[in-house]
Every structure is written in C-alpha cells, then in structure tokens.
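Remarks on the structure that follows.
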Amino acid sequence: MLTVKVVGQVMHDLIGIKGPDPDPHEQLVEGACFFLQVVGHRLLNPECGTRSATNLLMRQFCLRLRDLKGAMPERIQDQIQ
C-alpha cells in the first residue's frame, strides 16, 4: 500500500509547487491526473493513515492542478475538472 508521504513525493515530482518554473510540461500534468485516478481512492481509505493528512494533501493537489489548468490544452483541462 502506498503511504501518504510517497504519494505526496510523486505528485511533487510531477507537478511541483509554485516557484521559479511554475508550469510543468503537459505530460507531467497528464501523468499527475492519471496517477490520482489510480491511487486517489486509496488515499481516501481510512486505512491509509490519518484522515486529516490525506485530506490536506488532496486539497493541495487539487489547488495546484486548478492553478495549472489555464495553461494546459483542452484535453488536460477536461481531466483536471
């Protein structure tokens, strides 16, 4: 089972945080969307760890993806919705 820390690191590697290079490549954003589709339901599983930590992490992922949405092509924007 994936831990919250591992999932957080993978997402950070894919879409990062706001900084000097705020817009990752389209492929990385698309990969982050796919990754969340695969493991997202596991993050919401109470066995995965503390509920508040996973909720915070998911909120951060969603906010980051929404920030990136405008700079992405329509096919990726649809995935972010």
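The values are calculated or read from the model by the stated rules, or taken from the named source; none is laboratory data. Please read all numbers here as calculations on a predicted model, not as lab measurements. Methodologically, a virtual Cβ is constructed for each residue, glycine included, from the backbone with ideal geometry; neighbour enumeration extends over all protein chains shown. Side chains are part of the model used for accessible areas, which takes the heavy atoms of the whole protein and leaves out ligands, DNA and RNA. Shrake-Rupley method; radii C 1.70, N 1.55, O 1.52, S 1.80 Å.
So how do 29-37, 56-64 stack up, highest first, on mean other-Cβ count within 10 Å?
Highest-to-lowest ranking by the protection proxy: 29-37, 56-64.
What full-extension length gain, to one decimal in nm, is calculated for Ile17 and Arg42 as 0.36 nm per residue of separation minus the Cα-Cα distance?
Stretched fully, the Ile17-Arg42 segment lengthens by 6.7 nm.
Extension gain Phe34-Asp67, at 0.36 nm per residue separation less the Cα-Cα distance, in nm?
Here the segment from Phe34 to Asp67 would lengthen by 10.1 nm.
Hey, rough spin-label estimate for Leu56 and Val10, points 7 angstrom out along Cα→Cβ, what's it come to in nanometres?
2.1
In terms of solvent-accessible area of protein heavy atoms at a 1.4 angstrom probe, what is the ranking of Lys69, Lys5, highest value first? Let's see the in-between values first.
On the way: Lys69 55, Lys5 170 Å².
Order by accessible area, largest first: Lys5, Lys69.
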